[in-house]
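Enquirer: Attaching a single structure in structure tokens format; questions to follow.
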Amino acid sequence: MDSELAKQIEETVLEVLKNSDMDSTTEFQVRKAASQQLGIDLSEPARKKLVRNVVQTYLEEQQAKAEAANEEGEPEQVEEEAEEEGSDDDKKKKKKGAKEFDDEGDLIICRLSEKRRVTLTEFRGKSLVSIREYYKKDGKELPSSKGISLTSEQWSNFSKNVPAIEKAIKKLEGRL
């Protein structure tokens, strides 16, 4: 991506951020709005990463301003944003109050084991909950084909039935 396009994307993302309700706006919404304004697809990995970095920098600046205002006794104007993310070096470490993202830019909800995790990802404009095994290649953790991705409707149906699943597990364990 050339520097002129990167600068144009950065300026558009900042404009969208400044005109957004930071209590309810997500990174996806910012990226989608900037994509529409620019007329280009920003979900491509390099562009997505650029948008994420711009959003992160913006949020860190707003948080620093709010902290400085609090130290001076002024009322806080900007709350810590839920979309705050770790830097590339911090992605593997979960910070208190910060969200963790994988190398592909997907939100890591939880790690079930060293190789398994639950992520929130976007595919063809749809949000998916993905429970998947990961493997390491060239220093990156990549998703394997071993796993399942559920639409929000499927996830909702599954989560409503978790108590019945837990009950069945306890019943089975009682037989053993």
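The values are calculated or read from the model by the stated rules, or taken from the named source; none is laboratory data. This is a predicted model, so every value here is computed, not measured. Methodologically, a virtual Cβ is constructed for each residue, glycine included, from the backbone with ideal geometry; neighbour enumeration extends over all protein chains shown. Heads up: the accessible areas ignore ligands, DNA and RNA and are worked out on the full protein's heavy atoms, side chains in. Shrake-Rupley method; radii C 1.70, N 1.55, O 1.52, S 1.80 Å.
Enquirer: Residues in region 28-47 that are surrounded by fewer than 19 Cβ atoms within 10 Å (Cβ to Cβ), charged (D, E, K, R) and part of a helix (DSSP H, G or I): how many? Before the answer, list the steps.
Expert: Of the residues in region 28-47, the ones surrounded by fewer than 19 Cβ atoms within 10 Å (Cβ to Cβ) are 28-29, 32, 36-41, 43-46.
With the extra rule that they be charged (D, E, K, R), the set shrinks to 32, 41, 44.
Filter once more, so that each one left must be part of a helix (DSSP H, G or I): 32.
Total meeting the criteria: 1.
Enquirer: Output the residue which, of all residues in region 111-131 that are assigned to a strand (DSSP E or B) and more than 29 Å from SER35 (Cα to Cα), is modelled with the lowest pLDDT.
Expert: Here the answer is ARG111.
Enquirer: If the Cβ limit is 8 Å and pairs must be 6+ apart or interchain, which residue in region 44-60 that is over 19 Å from THR121 (Cβ atoms) and among the basic types (Lys, Arg) pairs with which residue that is assigned to a loop (DSSP other than H, G, I, E, B) and at pLDDT 85 or above?
Expert: Listed by first residue and then by second, the contacts come to nothing, as the list is empty.
Enquirer: What number of residues in region 48-79 are open to solvent by less than 20 Å² (accessible area, probe 1.4 Å) and modelled with pLDDT under 80?
Expert: Within region 48-79, residues that are open to solvent by less than 20 Å² (accessible area, probe 1.4 Å) and modelled with pLDDT under 80 number 2.
Enquirer: Going through region 136-150 one residue at a time, which ones are in a strand (DSSP E or B) and either within 17 Å of the chain's Cα centre (by Cα) or loosely packed, with under 10 Cβ neighbours inside 10 Å (or both)? It would help to see each step written out before you state the result.
Expert: Within region 136-150, the first condition is being in a strand (DSSP E or B), and the residues that meet it are 136-137, 140-150.
Those that are in a strand (DSSP E or B) and either within 17 Å of the chain's Cα centre (by Cα) or loosely packed, with under 10 Cβ neighbours inside 10 Å (or both): LYS136, LYS137, GLU141, LEU142, PRO143, SER145, SER149, LEU150.
Enquirer: Consider ALA6 carefully, then state whether it is surrounded by 18 or more Cβ atoms within 10 Å (Cβ to Cβ) and more than 15 Å from the chain's Cα centre (by Cα). Give the derivation first.
Expert: Values: surrounded by 18 or more Cβ atoms within 10 Å (Cβ to Cβ): no; more than 15 Å from the chain's Cα centre (by Cα): yes.
For ALA6, the condition - surrounded by 18 or more Cβ atoms within 10 Å (Cβ to Cβ) and more than 15 Å from the chain's Cα centre (by Cα) - is not met.
Enquirer: Tell me yes or no: at least one residue of region 114-123 is of a type in the set (A, V, I, L, M, F, W, C), surrounded by 12 or more Cβ atoms within 10 Å (Cβ to Cβ), out of contact with any helix residue (DSSP H, G or I) (no Cβ under 8 Å at 6 or more places or on another chain) and touching a residue at least 24 places away in the same chain (Cβ under 8 Å). Step through it out loud before you land on a result.
Expert: Within region 114-123, the subset of a type in the set (A, V, I, L, M, F, W, C) is 118, 120, 123.
Now drop any that are not surrounded by 12 or more Cβ atoms within 10 Å (Cβ to Cβ), which leaves 118, 120, 123.
Pick out the ones that are also out of contact with any helix residue (DSSP H, G or I) (no Cβ under 8 Å at 6 or more places or on another chain) and you get 118, 120, 123.
Checking which are touching a residue at least 24 places away in the same chain (Cβ under 8 Å) leaves us with 123.
Yes, because at least one residue in region 114-123 is of a type in the set (A, V, I, L, M, F, W, C), surrounded by 12 or more Cβ atoms within 10 Å (Cβ to Cβ), out of contact with any helix residue (DSSP H, G or I) (no Cβ under 8 Å at 6 or more places or on another chain) and touching a residue at least 24 places away in the same chain (Cβ under 8 Å).
Here is a yes/no grid of residues against (1) out of contact with any helix residue (DSSP H, G or I) (no Cβ under 6 Å at 6 or more places or on another chain); (2) within 26 Å of THR26 (Cα to Cα); (3) among the aliphatic types (A, V, I, L, M):
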residue	(1), (2), (3)
GLU100	yes, yes, no
ASP103	yes, yes, no
ILE109	yes, yes, yes
GLU153	yes, yes, no
ASN161	yes, no, no
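Enquirer: Continuing with the same structure: Looking at ASN157, ASN161, can you tell me which residue is modelled with pLDDT of 85 or more, polar (S, T, N, Q) and open to solvent by 90 Å² or more (accessible area, probe 1.4 Å)? Walk me through it before giving the result.
Expert: Details: ASN161 fails: open to solvent by 90 Å² or more (accessible area, probe 1.4 Å).
Result of the check over ASN157, ASN161: ASN157.
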